[in-house]
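Here is the structure we will look at, set down as structure tokens.
The values are calculated or read from the model by the stated rules, or taken from the named source; none is laboratory data. Computed from a predicted structure; not experimentally measured. Note: ideal-geometry Cβ built from the backbone for every residue, glycine included; neighbour counts use all protein chains shown. Quick note on the areas: whole protein, heavy atoms, side chains included, nothing else; ligands and nucleic acids left out. Shrake-Rupley method; radii C 1.70, N 1.55, O 1.52, S 1.80 Å.
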Amino acid sequence: MFRLSHYLRELEAPPPSGPVRRPPGPVVIWNLIRRCNLTCKHCYSISGDVDFAGELSSAEVYAVMADLRAFAVPVLILSGGEPLMRPDIFEISARAKALGFYVGLSSNGTLIDAAMADRIRDAGYDYVGVSLDGIGATHDAFRHCAGAYERALNAMRRLRDRAVKVGLRFTMTEANAAELPLLLDLVEQEGFAKFYLSHLVYAGRGNKNRGEDAMWQTTRATMDQVIDRAWNWVRQGRDIEVVTGNNDADAVYLWLRILREAPHAAEALRARLLRWGGNASGVNVANIDNVGNVHPDTMWWHHSIGNVRNRPFSEIWSDRSDPIMAGLKAQPRRISGRCGACAHFAICNGNTRVRALRITGDPWAEDPGCYLSDEEIGLVQPMERVTTRAFRGVRYEAPLSH
């Protein structure tokens, strides 16, 4: 996750330089249940409104949480499916809070009526993220559910009114990118605490629908809008956090803009981005699914590195015998193609490996989701690009400028 607002604020008052800070343990995103009342087009877990066999019991969840805490995991993000469909979700949440985790909840929002909003407030979540994929009918179409937009928006309002930190998550595709300004307006008008732009990753239904991924030009235009809005909010003193995820080229794109528009701040920003270090899958981000399989992150459900029923998470995560984990933990990672030749590799860390795997069959190939031009990444000789679909590259003209 790239904390855009954080780095923009630091442009105004750069902090002193320091060493790379490593979290004590990975952030764990935990899909406690796979059942969901929606069937979203980009769902990485391919959830549906049915019971899935073999899910971890309450006692098993508690045992795993104790191991996670002993392993210095700082953050638990409780997800699904729809986590509010799990009968013991609030008991699990209470145990997590008692153990001292920062606890987030990831929901589609459609089940959060007034009574549920009260329970969420009383649970003391540090953050609740609710997904909106557009305004009105656009969101409903992505979620395959009429009325989902109104129910999700009303859920966010209820949580905001109960002083729960709530944020809007938006997964961008070519079909909904045009509605980004309306969603940013919504965040500003409603006073929501956070906006999260997620780039599409080719996992689960997101892989089935990867042909709808945003064009490189669309992605660039979107990032310019997000940067512009975030910068305006920072300058206005608004406490709205803007983050992006699943495309670590965003950090390089920000640096390139600052290099053009505020060159005096570019060197210090680049130093901070190098300390951030880009993609953290398999290092500082982990995933546990509903049946206890451990994955390098949420987009790796096709690849398990162990199961918490058989081995403690702490042992699984520390074991580098799995070739994927060994490759993700390597410093530096060994990535081929444009990513391997990129002058900004130390910022991005090779971006998202699942997109490379899905398109080329090689997890260590270049990421086809990188929207930077050859010139911007410092290539002396142009390289043939890996593209998601045949016409994607045709509609891209390099170099592009803001």
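Some observations on this one:
- Share of carbon and sulfur in the accessible area of the chain stands at 52%, probe radius 1.4 Å.
- D (Stokes-Einstein, µm²/s), Kirkwood Cα radius, region 99-148, 0.890 mPa s at 25 °C: 200 µm²/s
- For region 224-229, Karplus couplings with θ = phi - 60° (6.51, -1.76, 1.60), whole Hz, Gly/Pro x: 4, 5, 5, 4, 4, 5
- Here is how the number arises for the chain: DSSP H runs of 4 or more residues each give -39500 (n - 2.57), the sum is divided by the residue count, and the result at 222 nm is -11000 deg cm²/dmol.
- The label-point distance for residue 185 and residue 50, in a model that sets each label 7 Å from Cα toward Cβ, rounds to 4.2 nm.
- Put simply, the amide H of residue 241, placed in the peptide plane, has neighbours under 5 Å in 194, 195, leaving out anything fewer than 5 places away on its chain.
- Rounded to the nearest 5, the antiparallel percentage of DSSP beta bridges internal to the chain is 10%.
- Long-range amide H partners of residue 292 with built H, under 5 Å: 56
- For region 341-382, size of Cβ-based charge dipole, Lys and Arg +1, Asp and Glu -1, in debye: 240 debye
- Spin-label pair residue 114-residue 330: with each label point 7 Å from Cα along the Cα-Cβ axis, the two points sit 5.8 nm from one another.
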